[in-house]
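*Asks:* Starting off with a structure, shown below.
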Amino acid sequence: MTDSNSTRVSARIRQAERHLSRADPVLARLIRAHGPCTLGRRPADPFHTLATSIISQQLSTRAASTIQERVAARVGAHPRLAPAHFLGVSHETLRACGLSNAKARWLRDIAGRVHRGEFSFGALITLDDAAALETLDALPGVGRWTAEMFLIFALGRPDLFAMDDIGLRRSVNTLYGRGRRLSDRRTLDIAQRWAPYRSVASWYLWRFVEGENPAW
């Protein structure tokens, strides 16, 4: 990331933090407790981000990290997973790393599509959130949650809230429902007050429930 891009991202994040602090006293406390949001500070490789999101589906942060490390070590990915890493690796090898049958198949399929030029990450940049989500959702194994994680962490989209994310829902239930499971409608109402910076709000909610995570 160039110095000018870094400055622009930092300014946008600071603006988001000010907005969230004014809009929601709960978020204001989280911002004070966890310090500046680091979303967008590190360059995000699109394939690596998508691949790790697929690996992380329906897993705890710790379990996903363990399997990701096994996959990276086995395919020789240093430091990022790339399409070429999956072109010559067998399905059985990926399964031995702890991936499910489906995840191993999806990763090899998407890697092949990118390698053959059938799918372009660059084209996603020109799309709005709804169109980008629809395009990603058409890939094998990429549902709504995975697409949302990609838009947040790879493309730096500022205003997404993943309703199906277990960590986010747990944080909202704890902070706004005293531990009770809040309805989808109530959760959406709460998240709406964070617009247009729901991705930044999500970062703080993840920090609340998961603690420090050097990956993001």
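*Asks:* Does the range 12-49 hold any residues that are small (G, A, S) and buried (at least 22 other Cβ atoms within 10 Å of the Cβ), and which are they?
*Replies:* So in the range 12-49, the residues small (G, A, S) come out as 16, 21, 23, 28, 33, 35, 40, 44.
Within the range 12-49, A16, G40 meet the criteria.
*Asks:* Is it fair to say T52 is among the hydroxyl-bearing types (S, T, Y), surrounded by 18 or more Cβ atoms within 10 Å (Cβ to Cβ) and either out of contact with any Gly (no Cβ under 6 Å at 6 or more places or on another chain) or under 22 Å from D164 (Cβ atoms) (or both)? Spell out how you get there, then give the answer.
*Replies:* Working: among the hydroxyl-bearing types (S, T, Y): yes; surrounded by 18 or more Cβ atoms within 10 Å (Cβ to Cβ): yes; either out of contact with any Gly (no Cβ under 6 Å at 6 or more places or on another chain) or under 22 Å from D164 (Cβ atoms) (or both): yes.
In short, yes.
*Asks:* Is there a residue being of a type outside the set (K, R) and under 17 Å from T49 (Cα atoms) anywhere in the range 164-171? Show your work before the answer.
*Replies:* Step one: list which residues in the range 164-171 are of a type outside the set (K, R), which gives 164-168, 171.
Now narrow it down to the ones that are under 17 Å from T49 (Cα atoms): 165.
Yes: one or more hits.
*Asks:* If D165 satisfies all but one of (1) surrounded by fewer than 20 Cβ atoms within 10 Å (Cβ to Cβ); (2) under 18 Å from the mean Cα position of the chain (by Cα); (3) modelled with pLDDT of 95 or more, what's the number of the condition it fails?
*Replies:* Of the numbered conditions (1) surrounded by fewer than 20 Cβ atoms within 10 Å (Cβ to Cβ); (2) under 18 Å from the mean Cα position of the chain (by Cα); (3) modelled with pLDDT of 95 or more, the odd one out for D165 is (3).
*Asks:* For the range 96-133, give me the residue count where each residue is in a helix (DSSP H, G or I) and farther than 22 Å from H85 by Cα. Explain how you work it out, then say what you get.
*Replies:* Keep residues of the range 96-133 that are in a helix (DSSP H, G or I), which gives 96, 101-116, 121-124, 129-133.
When the remaining residues are screened for being farther than 22 Å from H85 by Cα, the result is 123-124, 129-133.
Number satisfying all stated conditions: 7.
*Asks:* Please indicate, with yes or no, whether at least one residue in the range 18-37 is of a type in the set (V, I, T) and modelled with pLDDT of 95 or more.
*Replies:* We begin by selecting, within the range 18-37, every residue of a type in the set (V, I, T); these are 26, 31.
Those left that are additionally modelled with pLDDT of 95 or more: 26, 31.
For the range 18-37, residues of a type in the set (V, I, T) and modelled with pLDDT of 95 or more: present.
*Asks:* Let me ask something additional. Quick check on the range 170-216: of everything there that is of a type in the set (D, E, K, R) and crowded, with 19+ Cβ neighbours inside 10 Å, which residue is farthest from G143 (Cα to Cα)?
*Replies:* Looking only at the range 170-216, we keep the residues that are of a type in the set (D, E, K, R), and these are 170, 178, 180-181, 184-186, 189, 193, 198, 207, 210, 212.
Checking which are crowded, with 19+ Cβ neighbours inside 10 Å leaves us with 198, 207.
Values: R198: 19, R207: 24 Å.
It comes out as R207.
*Asks:* Moving to a separate point now. Filter the range 55-66 for residues that are of a type in the set (A, V, I, L, M, F, W, C) and surrounded by fewer than 20 Cβ atoms within 10 Å (Cβ to Cβ); which is modelled with the lowest pLDDT? Don't jump to the end; show me each part of the working.
*Replies:* Residues of the range 55-66 of a type in the set (A, V, I, L, M, F, W, C): 55, 59, 63-64.
Narrowing the set further to residues that are surrounded by fewer than 20 Cβ atoms within 10 Å (Cβ to Cβ) leaves 59, 63-64.
Details: L59: 87, A63: 92, A64: 92.
So, considering only residues that are of a type in the set (A, V, I, L, M, F, W, C) and surrounded by fewer than 20 Cβ atoms within 10 Å (Cβ to Cβ), the one modelled with the lowest pLDDT is L59.
*Asks:* When both residues are 6+ apart or on different chains and their Cβ atoms are under 9 Å apart, which pairs have a first residue that lies in the range 113-126 and is assigned by TED's automatic domain parsing to the domain that holds P140 and within 10 Å of P46 (Cβ to Cβ), and a second that is surrounded by fewer than 16 Cβ atoms within 10 Å (Cβ to Cβ) and among the aliphatic types (A, V, I, L, M)?
*Replies:* L124/A131
*Asks:* Residue by residue through the range 130-162, note down the ones that are of a type in the set (D, E) and within 14 Å of the chain's Cα centre (by Cα).
*Replies:* Quick first cut of the range 130-162, residues of a type in the set (D, E) only: 134, 137, 148, 159.
Scanning the range 130-162 gives E148, D159.
*Asks:* Would you check if there is a residue in the range 87-106 being closer than 22 Å to A64 by Cα, buried (at least 19 other Cβ atoms within 10 Å of the Cβ) and among the basic types (K, R)?
*Replies:* Checking the range 87-106: at least one residue is closer than 22 Å to A64 by Cα, buried (at least 19 other Cβ atoms within 10 Å of the Cβ) and among the basic types (K, R).
Per-residue answers, yes or no, for (1) closer than 12 Å to A51 by Cβ; (2) modelled with pLDDT of 95 or more; (3) touching a strand residue (DSSP E or B) at 6+ places or on another chain (Cβ under 6 Å):
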residue	(1), (2), (3)
E92	no, yes, no
R95	no, yes, no
A102	no, yes, no
R105	no, yes, no
D109	yes, yes, no
R113	no, yes, no
G122	no, no, no
L127	no, yes, no
A130	no, yes, no
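The values are calculated or read from the model by the stated rules, or taken from the named source; none is laboratory data. The shown structure was predicted, so the numbers you read here are calculated from the model rather than taken from an experiment. Note that we place each Cβ from the backbone using ideal geometry, even for glycine, and neighbour counts take in every protein chain shown.
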